[in-house]
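J.: There's a structure below that I have some questions on.
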Amino acid sequence: MSWLEAQGVTGFGRSSDKLSIFEADAGQRGIIAIQDIAEGEQLVRLPLRLALTDHPRDEESNRLVYEGAPWSVRLAAKLLREASKGEDSAWFPFIQALPTSINTPLDYEWEVLQQVEDPYMGQALDSAGWLTQDAYPRLDPHAIGNASREEFEWAHQVVLSRTFGSAGEDGGVGVRFLMPILDMLNHGGDQTPLLLSDPPMAMDDVRWNLVAPDSSGSEQDNWEIVLTANKAVQANDEVLLSYGERGNDEFFGGYGFVPPRNPHEEMVLFGDTVEALEWHHHYYPPPNAEESHSETSAKYETVLETVQDQEEAELKKLPASIKSEGFLQDRKRIRIGAADNLDGRLHAAYEGLARIEGRGMDHAFWAIMLRCLELLQERSPILTDLSMLADPARNPEPHEQAYWSTILQYYTNAIRWFDSSPFKAEQDEVLARRPQVERPEILGAEALPWSSQLSLVITFRTYKKMIAWDTVIALAAELNQVPLAPPR
Ligand SMILES: C[S@@+](CC[C@H](N)C(=O)[O-])C[C@H]1O[C@@H](n2cnc3c(N)ncnc32)[C@H](O)[C@@H]1O
């Protein structure tokens, strides 16, 4: 704390200040209000020079770290160089306060990770693991303060779970940084009361801003990070910061937690538009059986070109600095979100085909519903997951258990409702057109010992299934074949 004061931090560490660090279960820390806070109050000012930063023009990193290294590797290397200086590092007290172990899925048992069931999350975890494997041997020992592989893995996870980014001039990320105190704030994002499609409430209490010297009003000739209350906070309440409006993959993969009832959660339906069209062709062969192969290809090409032209036009509008290989790859993915949020490209592609093939204009909705049902069929049943989450022997926390019990009831009714609707038989018939694929035998989650890791994995995969079922139900309602929504 005296280090913070010496560095010019105000609003934190003295008995008169309104915020303090608290320690919760399993060594997790957070920030708590120790006095009532009013909305709009400026709470903490942190000089920017306190931050450990990375940006593309950082000369030291450009000299020491291999070309093309991602920002996370550059910042992890910088952290390790400082750590190797011990007490001589200007960041010694900050480094001392970092968690010694960071529990993200990268460290999970293999059996537990098999239960994720989402191939895209699986791929993301593989690439994150591969990135550290690949980076370590490429780093000169000087670049990482002679750190061991384990130390590099630790630093990389620290960076992935604690870095902030400032907005760049072109709309991308400018400077990425690790900042004492700011990095002690836990995430509170948007949260819905029950279903992911319900209206959300913002759970964050504070925001941070980068303030230039002349506009800050402070006497210091320094850029500062200023933490301000978004709303009134009562003494003894935890103070939360939103890490951003993102789907659960980023929270789970990078930070190792799954935010409850996140309205920004998404599920990938296809890797890209080409895959979506191939899938369509398998399930919905041309209505005219006489059609030649080249005629069919020409139709699909036309639709693909139209969608790709739109994609390119959208991409041109985005700042160059965000268009990394990973970003472009990710953008190709076709997702569904909560609240009936369909990817426009998928709808356009299926509607385009329906028009050319003379199918009903509802066809796109039927096809997207079918894809959700297929993905649900490929995974373990949602009701089994919900029964585990609602089981007091597994999930002793009363609020969570009560929530999952209500959700179990809702989806039990919803699935019963769907099964008795006209959609069920029609969609089963189409699904039967495709030969069943042999799937590897994976032990059911019920057979594994319950643990906090397994609980997170089951929670993660359940939210995906909720999104898929919500889409099925929303599309069924849209198609208006059934008069009532499932009872709540
Ligand atoms: C920026 S740090 C926040 C401080 C951290 N709790 C600590 O003890 O140092 C981010 C990490 O905090 C934890 N965390 C943050 N928000 C959380 C949340 N809403 N639920 C559970 N864990 C959270 C996760 O372990 C995450 O990787």
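J.: Assess whether Leu227 counts as being open to solvent by less than 40 Å² (accessible area, probe 1.4 Å) and either within 12 Å of the ligand (Cβ to nearest atom) or under 23 Å from the mean Cα position of the chain (by Cα) (or both).
T.: When the stated conditions are applied, Leu227 does not pass them.
A quick yes/no check of all residues on (1) touching a strand residue (DSSP E or B) at 6+ places or on another chain (Cβ under 9 Å); (2) of a type outside the set (S, T, N, Q):
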residue	(1), (2)
His280	no, yes
Tyr284	no, yes
Glu295	no, yes
Gln310	no, no
Lys316	no, yes
Leu342	yes, yes
Arg345	yes, yes
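J.: Does Leu98 satisfy the condition of being within 16 Å of the ligand (Cβ to nearest atom), surrounded by 13 or more Cβ atoms within 10 Å (Cβ to Cβ) and not aromatic (Phe, Trp, Tyr)?
T.: Yes.
J.: Do the conditions hold for Pro259, that is, is it free of Cβ contacts under 8 Å to residues at least 60 places away in the same chain and not in a helix (DSSP H, G or I)?
T.: Taking the combined requirement at face value, the residue does not satisfy it.
J.: So Ala76 passes all but one of these: (1) touching a Phe, Trp or Tyr at 6+ places or on another chain (Cβ under 8 Å); (2) crowded, with 19+ Cβ neighbours inside 10 Å; (3) without any contact (Cβ under 8 Å) to a residue 40 or more places away in the chain. Which condition number does it fail?
T.: The number of the failed condition is (3).
J.: What pairs come out if I take residues in segment 350-366 that are β-branched (Val, Ile, Thr) and pair them with residues that are in a helix (DSSP H, G or I) whose C-beta lies under 9 Å away, six or more apart or interchain?
T.: The qualifying pairs are Ile356/Lys299; Ile356/Thr302; Ile356/Val303.
J.: Among the candidates Asp170, Asp126, which residue alone is assigned by TED's automatic domain parsing to the domain that holds Val65, at pLDDT below 95, open to solvent by 70 Å² or more (accessible area, probe 1.4 Å) and part of a helix (DSSP H, G or I)?
T.: Asp126
J.: Which of the following residues is open to solvent by 60 Å² or more (accessible area, probe 1.4 Å) and either within 14 Å of the ligand (Cβ to nearest atom) or part of a loop (DSSP other than H, G, I, E, B) (or both): Glu275, Glu245?
T.: Glu245
J.: Next question. Cβ-Cβ under 7 Å, sequence separation 6+ or interchain: first residue in segment 25-38 and modelled with pLDDT under 90, partner near the ligand (Cβ under 8 Å from one of its atoms). Which pairs?
T.: Between residues of segment 25-38 that are modelled with pLDDT under 90 and residues that are near the ligand (Cβ under 8 Å from one of its atoms), the close pairs are Gly27/Pro99.
J.: If Pro200 satisfies all but one of (1) more than 14 Å from the ligand (Cβ to nearest atom); (2) out of contact with any His (no Cβ under 9 Å at 6 or more places or on another chain), what's the number of the condition it fails?
T.: For Pro200, the failing item is (2).
J.: A further question follows. Right, Val9: open to solvent by less than 40 Å² (accessible area, probe 1.4 Å), assigned by TED's automatic domain parsing to the domain that holds Thr104, in contact (Cβ under 8 Å) with a residue 40 or more places away in the chain and away from the ligand (no atom under 16 Å from the Cβ) or not?
T.: When the stated conditions are applied, Val9 passes them.
J.: Would you be able to say whether some residue in segment 321-342 is farther than 30 Å from Gly174 by Cβ, modelled with pLDDT of 95 or more and open to solvent by 40 Å² or more (accessible area, probe 1.4 Å)?
T.: Within segment 321-342 (the criterion being farther than 30 Å from Gly174 by Cβ, modelled with pLDDT of 95 or more and open to solvent by 40 Å² or more (accessible area, probe 1.4 Å)), the answer is no, since none of the residues qualifies.
J.: Of everything in segment 397-428, what is over 17 Å from Asn480 (Cβ atoms) and among the aromatic types (Phe, Trp, Tyr)? Give them in sequence order.
T.: Answer for segment 397-428, where residues must be over 17 Å from Asn480 (Cβ atoms) and among the aromatic types (Phe, Trp, Tyr): Tyr403, Trp404, Tyr410, Tyr411.
The values are calculated or read from the model by the stated rules, or taken from the named source; none is laboratory data. Quantities reported herein were computed from a predicted structural model and do not represent experimental measurements. Reconstructed Cβ throughout: ideal geometry from the backbone, glycine too, with neighbour counts over all protein chains shown. These accessible areas exclude ligands, DNA and RNA; they are computed on the full protein's heavy atoms, side chains included. Shrake-Rupley method; radii C 1.70, N 1.55, O 1.52, S 1.80 Å.
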